[in-house]
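Novice: Mind having a look at this structure? Questions to follow.
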Amino acid sequence: MSRIENTDGSNPIPARAGVGLKPEHYAEILDTRPAIGWFEVHAENYMGAGGAPHHFLTAIREHYPLSVHGVGLSIGADAPLDTDHLNSLKQVCDRYEPGLVSEHLAWSTHDGVYLNDLLPVPYNAETLGRVCEHIDQVQEVLRRRMLLENPSTYIRFDGSEMSELDFLAAIVGRTGCGLLLDVNNVQVSATNHAYDAVAYIDAFPHQHVGEIHLGGHADDEGDDGEPLLIDDHGSAVADIVWNLYAHTISRCGPVPTLIEWDNDVPAWAVLMDEAARADIVLSETSVQHVAAE
Amino acid sequence: MSRLSDTQTGFAHAVFNADAAVPEGIVSHLRRQPRKRFGVYRNNVYVSLISVLEGRFPVVSRLLGEDFFKATARVFVEHHPPTSPVLMRYGGGFSEFLETFEPVADLPWLADVARLEWAWNLAYHAADKDPVAPEALAAIEPASAGSLVFELHPAVQLVRSAFPVVSIWSEHSKDGEPEHIDAGAGGEDGLIVRPGIAVEVRHLPRGGAAFISALAGGKTLGEAAEVALDEEASFDLQANLAGLIASGAIAGLRPA
C-alpha cells in the first residue's frame, strides 16, 4: 500500500490528532503549549495583510506542524478559478509552509458572488473535466499535491451519472491529488441519501487518503420526515461517527486526523478531549489489510 | 452555456430568492425538488453571512438588539452578497446601506457607528509596521519642522461624524449596562490606530481629523496645520502632533 507522502517533507503532519485553530484559543495555546499533534487553519482567515491573525499563527507555527485548509476556491464551479484568490492561497502556503494543503469538492462562487457554503456538484463527465482542470491549476500554482475533501450533501442531482466514489477515484486518477476523508461527511451524506456509510468507507480509495476530518452534525428531518443530518461543525463528534472513524482507521491505517469545531467554539479543554479520543483510536486500532479493489 | 453553468446559475438564484422553486434536476431519494432539503443551503448561506456581520458590527447589533440586527443583516446579505471568499472583506457597504434602510431611519447616527466598526476591522487586518518612537518628535529641528511630510501607519483610519460616534461606540463596547449618550451632544471624530496587534479608538480634538487628513494627503506639517486652523481656530499643533505620535499613528517622517 503506498501512502501519499507530505509533499513538503520538512514540515510533515504526524499521524496523530490535530485541532482546527480558532482565535478564541490563540493565547491559551501559546501560554500552555498543549501536547497536540498539529493545527489546521482556514486559509481565507489569513489572507489579510497583517495584525493579530498573522501574529498568533506565526508564533503557533513555530511550535506545531500546520495544515492549510481552503474553503473558498470554488473548485467545483463551472467558471474559471479566481486567480487572485489562488495566488493568495499560495502566499499563505509560502508564508507558513504547511505540511498539507486541502480544498473541497464543492462550489461557492458564481457570477462574482460568494455564497459562503460548500455547494454540491452533479457527478458526471462535464463536472469531472472542470474539477480536474481546476485541481491541475491549483497543483501547478502551489507546486505541490493537494488533498480534495469529500462533501456532505443534502440533495442529489438527477444529472449525476457516476457515484461519488467513482467520481473521487477518477479525479485522483487524472490529477494525482490526494483525498481528505471527512468521516462525518460520509455519515451525513450516507444518512441523507440512504446508503451504507460503512460500505462507502470500505470502497473509498484508502491509499490516497492523506488526512481525515471529524466534526459534529445536527439531527433534522427531510421533506418526507426521513432522517436528515446537517453538517454544522457546532458540536462534539457523534458516537456513530467515532465508530465509523475506528472502522476507517482499521482500513486506512493511522492518518492525521483533525477535530473540526467551527461554530459555538468550546473551551480548549473540550477540543483536547476530542483530540485525545482520536489519538486513542489512532494508536489502538489494528489495520485490517484488505486487498485494494 | 454548459449544463454545469446553467445548474449553478439556477442554484444560486434559488438560494437568494426564498420564493423561487427548487431548480429542476435537484432530487432526494424520495422526491423531486425537495424544498426543505434545498432550504438547508439557503439557510447556511444566510445564517453564516449574518453571523459574519454580527461579529463585524457588534455595537450596531447591540444598539438594534439581536433580532432586529439579524433581520437588517438579512436584507443587506440579500442585496449585497459578498464578492470575495475572503470574508474579512465583507461588510464595507453596510454603513451606506444603513443610511438608506428605512426601518432604522430614526437612528441617524447608526451608519456612523457602522463606519467606525468597519474602520476597526480594516485596522485589525492592516499591514504590520513599526510606528515611529515618541523621541522622533524631539529630534525635529523647529526651523525645518514645517516642511516635514508624514507617512501614516497602515492601520490608521479616520471616522468623522456629526454625532458623538466615539462615545456611543465606546459605551456600547464595554461590558455592563451602557450609560445613555445624548445623540444630539455634537459631533465627534475618531482616530483608529493599531501600533501593535491591538486596535485602539481615540476621540480626536477638534481640528485633529482635518489635520490628519491633510497629512495623509501628502501635505507638509505646516500646510496641514493651516488646514486644521482653518477648520478650528483653537487647534493646538504641538498637542495634536504629540498625540498622533504617541498613539502610534505615524510610521515615518521626512523632509518634503
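Values in this text are rule-based calculations from the coordinates and carry no lab data. Just so it is clear, the structure is predicted and the values come from calculations on it, not from any experiment. Quick reminder, even Gly has a Cβ in these numbers, built from the backbone with ideal geometry, and neighbours come from all protein chains shown.
Novice: Cα-Cα pairs above 36 Å in region A:17-284: how many percent? Numbers along the way, then the final one.
Specialist: Working: 3411 of 35778 pairs.
Beyond 36 Å sits 10 percent of the P(r) for region A:17-284.
Novice: Mind giving me the nanometre distance, one decimal, between the label points for B:Glu99 and B:His29, set 7 Å out from Cα along Cα→Cβ?
Specialist: 5.4
Novice: Next up: Please find, in a Gaussian network model of chain B (springs between Cα atoms separated by less than 10 Å), the residue of B:Ser48, B:Ser213, B:Ser61 whose mean-square fluctuation is greatest.
Specialist: Judging by the Gaussian network model, the answer is B:Ser48.
Novice: Looking at chain B, how many pairs of lysines come closer than 29 Å at the Cα, when each pair is eight or more places apart or spans two chains?
Specialist: Going through chain B pair by pair, I get 4.
Novice: Grab the eigenvalues of the alpha-carbon gyration tensor for region B:127-256, scale each by 5, take roots, and send me the semi-axes largest first in whole angstrom.
Specialist: Values: eigenvalues 150, 65, 24 Å².
In descending order the semi-axes read 27, 18, 11 Å.
Novice: Using only the alpha carbons of the protein assembly as shown, what is the convex hull's orientation-averaged projected area in square nanometres? Please list the in-between numbers first.
Specialist: Numbers: hull surface 112.8 nm².
In nm², the orientation-averaged hull projection of the protein assembly as shown is 28.2.
Novice: So which trypsin sites (Lys or Arg not before Pro) in region A:140-215 are both in a DSSP loop and have at most 12 other Cβ atoms within 10 Å of their Cβ? Don't skip to the end; give the middle numbers.
Specialist: On the way: sites: A:Arg143, A:Arg144, A:Arg145, A:Arg156, A:Arg174; in loops: A:Arg143, A:Arg144, A:Arg145.
When the trypsin sites (Lys or Arg not before Pro) of region A:140-215 are filtered for loop state and at most 12 Cβ neighbours within 10 Å, A:Arg143 remain.
Novice: Only helical DSSP H runs with n ≥ 4 go in: add -39500 (n - 2.57) per run for the protein assembly as shown, normalise by residue count and round the 222 nm mean residue ellipticity to 500 deg cm²/dmol.
Specialist: Values: 20 runs with 232 residues, N = 549.
It lands at -13000 deg cm²/dmol.
Novice: By count of other Cβ within 10 Å, fewest leading, how are B:Phe57, B:Phe101, B:Phe68 ordered?
Specialist: On the way: B:Phe57 28, B:Phe101 17, B:Phe68 13.
If I rank by nearby Cβ atoms, fewest first, I get B:Phe68, B:Phe101, B:Phe57.
Novice: So, one more: Label A:Glu133 and B:Gln238 with points 7 Å out from Cα along Cα→Cβ: what is the distance between them in nm?
Specialist: Computed distance between label sites A:Glu133 and B:Gln238 equals 6.9 nm.
Novice: Follow-up. Assuming 0.692 mPa s and 37 °C, estimate D for region A:221-276 with Stokes-Einstein, Rh taken as the Kirkwood radius over Cα pairs, in µm²/s.
Specialist: Working: Rh = 13.2 Å.
Approximately 248 µm²/s, per Stokes-Einstein.
Novice: How large is the convex hull of the C-alpha atoms of region B:30-79 per residue, in Å³? Write out the running numbers ahead of the final one.
Specialist: Details: hull volume 3.6 nm³, N = 50.
Here the figure is 71 Å³ per residue.
Novice: Only Lys, Arg, Asp and Glu count, each charged at its Cβ (+1, +1, -1, -1), so figure out the dipole size of the protein assembly as shown about its Cα centre, rounded to 20 debye.
Specialist: It works out to roughly 1000 debye.
Novice: Go from 0 up to the bin containing the longest alpha carbon distance in region A:58-122, width 10 Å each, and give me the % of pairs per bin.
Specialist: Going out from 0 Å in 10 Å bins, region A:58-122 shows 20, 45, 25, 9, 0 percent.
Novice: Which value, to two decimals, describes the C-alpha radius of gyration of chain B once divided by 2.2 N^0.38 Å? Please list the in-between numbers first.
Specialist: Values: Rg = 23.5 Å, N = 256, 2.2 N^0.38 = 18.1 Å.
Taking the Cα Rg and dividing by 2.2 N^0.38 Å, one obtains 1.30.
Novice: With Cβ to Cβ distances under 13 Å as the rule, what net charge do the other residues near B:Arg115 carry (K, R +1; D, E -1)?
Specialist: -4
Novice: Follow-up question, since we're still on this one. Hey, got the Cα dimensions of region B:1-107 along the principal axes, in Å, largest first?
Specialist: Its Cα atoms span 47, 28, 23 Å along the three principal axes.
Novice: Here is a follow-up. Net charge within 13 Å of A:Val113 by Cβ-Cβ distance, Lys/Arg positive one each and Asp/Glu negative one each, not counting A:Val113 itself? List each step's numbers first, then the result.
Specialist: Details: positive: none; negative: A:Asp82, A:Asp111, A:Asp117, B:Glu78.
With Lys, Arg at +1 and Asp, Glu at -1, the net is -4.
Novice: If R0 is 25 Å, what FRET efficiency do you get for B:Ala133 and A:Ala49 from their C-beta distance, rounded to 0.05?
Specialist: Values: r = 23 Å, r/R0 = 0.90.
After rounding to 0.05, the efficiency reads 0.65.
Novice: Further, regarding this structure: ³J(HN,Hα) across region B:6-21 via Karplus (A = 6.51, B = -1.76, C = 1.60, θ = phi - 60°), whole Hz, x for Gly/Pro?
Specialist: Couplings: 4, 4, 6, 4, x, 5, 4, 4, 5, 5, 8, 10, 4, 8, 5, 5 Hz.
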